[in-house]
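Okay, so here's the structure we're looking at.
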Amino acid sequence: MTDLQSNLSLVANEIESLRKRLERLNYEYYVLDNPSVTDREFDEMLRQLNILEQQYPQFITSSSPTQRVGGQINKDFKQINHRYPMLSLSNTYNKEEIIEFVNRAEENIGITDAEWVCELKYDGLAISLLYENGELIRAATRGNGVTGDDVTDNIKTIKSIPLHLLGNTYPDSFEIRGEVIFPHKAFEEFNAKRIENGEEPFANPRNAASGSLKLQDPREVAKRNLDCYLYYLIGDNMNEPTHFKRLQEAKQWGFKIEQHVRIANGIDDIMEFITYWDKQRDFLPYAIDGIVIKLNEIKYWNQLGATAKSPRWATAYKFKAEQAQSRLTNVEFQVGRTGIVTPVANFEPVWLGGTWVKRATLNNEQWMDNLNLCEEDTLIIEKGGEIIPKIVECRHDVHKEQNGELRKIRFIETCPQCGERLVKEEDQSGWYCPNYNHCSPQILGRFQHFVSKKAMNIESLGGEKMKYLLNSGKVSDFASLYELSEEQLIGVYTIDEEHKLSIQDKGAYNIVSAVEKSKNVPFERVLYALGLRYIGEVGAKTLAKHFENIDNLKKATIEELENVEDIGATTAESVYQYFRNEENLLEIEKLKSAGLRFETDKHNVKSTLNGKTFVVSGTFTKFTRDEIKKAIEENGGKNVSSLSQKTSFLIAGEKMGPEKKKKAVALNIPIITEDDFIGMIQ
Ligand code: IVH
C-alpha cells in the first residue's frame, strides 16, 4: 500500500468513526431525549467531520450527518408510486363502535382474545420512508394514497429521522410509515416569528407541518424543528411476528417510537387507554386527535386485508371536541375582500387543545342571534377535529339577567372601515359593504387574493407586504404591480411604532421576477385572481372553459351565464354586474396591455386519453363523479353515459349498478377502478 493510500484509508476510517459516533449521539438527543455529551461537544465533532469531508469530498455520502440540510431548491416534487398503497383508518367515536370493530375482526380470524396494540393518533401528516441497506433512500407524502410527493430533502432535515440505521439487524429493504408533526413549542415559536415578520400565522400545527414539507427550500424546513413518530413497518423480510415487537425493534434501529404504546387485552384495556389519553392529551408536547388500535399479530393483518380505504386490522377512535370557558371581551366586525362583514368574538385567552385561543368567528348575524350573545357573557368554546375554535354556548350573568341589565350584542349597520351603509346578501345570511372600489380592507383583500398561490402566485408579495405597498401609494391597481421596478420597491416601510418592514435588493428582485412570471398564469386563474364575488377556483375554471376568452364573458347576458352548467343565478348576476362597472373594465384593459392571459390555451388539453371513451359509474373515494369526468376531458378522453361496443373503459366505483357490470362483461369492456384510472393519467 502506498503512503497516499494508507493516508486515505486512515481518513476514511476517521470519517466513518466520527459519523457513527454522531449518529449515536443524534439518536440519544433527538430520539431518546437523553444526551450523553454537551451541545458544544456535539457541534465540535460535527465541525470536524465537516472539515474532513471538505478536504476529502470523495468520502461525502448523502446520508452523512453533515448532509441533513441540502442547499438545493426543489422546484417540483417528483411523484413517487407507493410500493404499498398508503391507506387511511376507519373511524370510531364511542365504545359501542369499538366493540363492534373488535368483535368483527376477532370473528373473522376465529379467536376471541386477540391482543391489541393501542397507540396515540398523532395529528400531523403521514409520511412513508424507504430504507435500503440501512440508508434512507427516499421519503414520500401520502398524496392520493397511490402516488405521493418525493420530499426526501425536506425529511432529511428532521433530526429524529435516522439517515443511517443503528446496529445491523434491519432487513435489506423496508418501508416505515409515521407522522410528521409540529410540536407545540416549535409551532408557537415559529408562528411568533411569522407575526414579527408581518406574515400571516398558521392556523394549526397540522397545516403548518404539511405546508413545511411542501417548501422548496430544505433550509427553510430545517428552521422549523419538525419531528416524526413512526408507527407502521412494512416489508417482506421482517424479523418480528408482532406489531409491538416490530416497533420496539425499530426503536433499536434509531427510529422515534412513542413510549406510550401499550398492549391491550380486551375492550376494558382499550377503553382505559382511551379514557386516560382523553384527559392527558393536553399535557403532551404535540397534538393528538384520537388513539389507534391495531391487532398485534401480523399474520392476522394478512388474513383480514383491507377495504379500498382502510385496513380491517386497525381502527382509529376519535376524541370528542375539547371544551373550555372564557369571558367575552368584545365583538369585532371584519370586512373581507368581497365586502362581507364577519363578526368575530374576542375573549380572554384560554388553553385549549394544546394552544392558546382568544378569538372565534361568529359567522353572521343569524348565527350570532341564535347564540343570543350578550356583553360580558361566559363562552363555552370547543375545538373539534378541525382545530378551528367554535363558540357552542354563551351563558349570561345571572344577576344582570335578573335585574334586566343584559345588553344584547347587535350587528352593525354601517361599514366599520368606510362608513358605507351595509347591504343584505342575496341569500339573506350576511351583510356586506357595497363600497367595492373604495373600502380599504376590500381593496387590500383583493390584492392579497390576486397575488395568492392559486391565483397569480406572486407569493413574495404575500402576507402584510401588500398593505404597505398600497399605503405608500406604490401600488394602486392590479396593473400597477406590473410596472413596479426593483428600485421602487427597495425601502423601509413602517408597520407600527415598533415594527418596520424592510425590502432589500434580493426581496425586490424576487418580487419583480414573480410578477413577471405571473404573466404566464392561465386564463382561468387570472379570472379567479380578479376576485369576482362568488367566483372561486372551480367557478373560474368553468367560465373560462365555456367562454374561452374575456371578451365573450364580458358580452354574456345573465341568461347565457345561467345556462352554463354549475353556474347559479347569484353567480351569474355577480359576473354580469362586474362587467358593467367602468373601473373593472379599465382594469382589465390595463392588465391585457401588461401581457396577462385573457383567453384559454387550447393546447392545454393533454392527449393521454385521446380517442378513448369512458363510462363512469358508482361513487368514488378520491374524486367526485364530476371531477373524474373532468379529469377524463382534461386528458383528451370523452365521457359517454351508456355502454356500447365503442366504449373503451368502464370506471367502476362503489355501489355501481349490477346491470352495468353485466353489460360491460357481455360487451367485453374492461372494468377499471379509480386507482387504475389515476395510473392511466399519470
Ligand atoms: S396507522 C394502514 N397509526 O391517521 C394504517 N396512523 O386517519 C396506517 N395516524 O393516515 C395508519 N397516528 O396519517 C396509524 N399511530 C398511528 C397514527 C396514524 C396518526 C394518521 C395517519 C393516517 C391517519 C388515518
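The values are calculated or read from the model by the stated rules, or taken from the named source; none is laboratory data. Since we're looking at a predicted model, the values are computed, not measured. For neighbour counting, all protein chains shown are included, and Cβ atoms are generated from backbone atoms with ideal geometry for every residue, glycine included.
General observations
- Condition check for Q248 on (1) out of contact with any Phe, Trp or Tyr (no Cβ under 9 Å at 6 or more places or on another chain); (2) farther than 30 Å from W116 by Cα: one failure, at (2).
- For the residues V117, V69, the requirement of being surrounded by fewer than 17 Cβ atoms within 10 Å (Cβ to Cβ) and in contact with a helix residue (DSSP H, G or I) (Cβ under 9 Å, 6 or more places away or on another chain) singles out V69.
- Of all residues making up region 440-476, the number that are buried (at least 17 other Cβ atoms within 10 Å of the Cβ), farther than 22 Å from K506 by Cα and not hydrophobic (A, V, I, L, M, F, W, C): 5
- In region 236-249, the qualifying residues are those that are within 14 Å of the ligand (Cβ to nearest atom) and under 24 Å from N26 (Cβ atoms), and the one that is surrounded by the fewest Cβ atoms within 10 Å (Cβ to Cβ) is L247.
- Residues in region 636-648 that are crowded, with 18+ Cβ neighbours inside 10 Å and under 35 Å from the mean Cα position of the chain (by Cα): G637 only.
- Among residues of region 176-197 that are closer than 30 Å to Q504 by Cα and in contact (Cβ under 8 Å) with a residue 24 or more places away in the chain, those with a beta-carbon under 9 Å from a residue that is within 16 Å of the ligand (Cβ to nearest atom) and of a type in the set (D, E) at least six positions away or on a different chain give the pairs A186/D227.
- The set of residues in region 222-248 being more than 15 Å from I181 (Cβ to Cβ), modelled with pLDDT of 95 or more and among the acidic types (D, E) is empty.
- Which numbered condition D153 misses (of (1) buried (at least 21 other Cβ atoms within 10 Å of the Cβ); (2) in a loop (DSSP other than H, G, I, E, B)): (2)
- Residues satisfying the stated conditions in region 462-487, i.e. more than 20 Å from K590 (Cα to Cα) and part of a helix (DSSP H, G or I): K465, K467, Y468, N471, E486, E487
- Residue check for G404: under 30 Å from A529 (Cβ atoms) and of a type in the set (G, A, S): no
- Qualifying residue in region 223-230 (condition: of a type in the set (S, T, Y), part of a helix (DSSP H, G or I) and at negative phi): no
- Any chance V512 is among the β-branched types (V, I, T) and modelled with pLDDT of 95 or more: no
- Pairs, first within 20 Å of N204 (Cα to Cα) in region 268-288, second exposed (fewer than 13 other Cβ atoms within 10 Å of the Cβ), C-beta under 7 Å, six or more apart: P285/K185
- Candidates I80, I73 - the one that is in contact (Cβ under 8 Å) with a residue 12 or more places away in the chain, outside any loop (DSSP other than H, G, I, E, B) and touching an Asp or Glu at 6+ places or on another chain (Cβ under 6 Å): I80
- Verdict on I137 being under 24 Å from N26 (Cβ atoms), of a type in the set (V, I, T) and either at pLDDT below 95 or away from the ligand (no atom under 16 Å from the Cβ) (or both): yes
- Filtered by the rule that a residue be surrounded by fewer than 20 Cβ atoms within 10 Å (Cβ to Cβ) and more than 16 Å from the ligand (Cβ to nearest atom), region 165-189 gives L166, G167, N168, T169, P171, D172, S173, H184, K185, E188, E189.
- Of the residues screened, K506 is not one that is basic (K, R) and either assigned to a loop (DSSP other than H, G, I, E, B) or in contact with a strand residue (DSSP E or B) (Cβ under 9 Å, 6 or more places away or on another chain) (or both).
- D43 being surrounded by fewer than 17 Cβ atoms within 10 Å (Cβ to Cβ), free of Cβ contacts under 8 Å to residues at least 24 places away in the same chain and within 23 Å of the chain's Cα centre (by Cα): no
- Scanning region 563-581 for residues that are free of Cβ contacts under 8 Å to residues at least 24 places away in the same chain and buried (at least 16 other Cβ atoms within 10 Å of the Cβ) yields V564, A572, Y576.
- Restricting region 64-102 to residues that are aliphatic (A, V, I, L, M) and farther than 16 Å from R219 by Cβ, the residue that is farthest from the ligand (Cβ to nearest atom): I99
- Reported count of residues in region 250-272, each being within 16 Å of the ligand (Cβ to nearest atom) and either over 25 Å from A209 (Cβ atoms) or not aromatic (F, W, Y) (or both), is 12.
- Inspection of region 286-309 finds no residue satisfying the criterion of being in a strand (DSSP E or B), under 23 Å from D397 (Cβ atoms) and either within 13 Å of the ligand (Cβ to nearest atom) or of a type in the set (S, T, Y) (or both).
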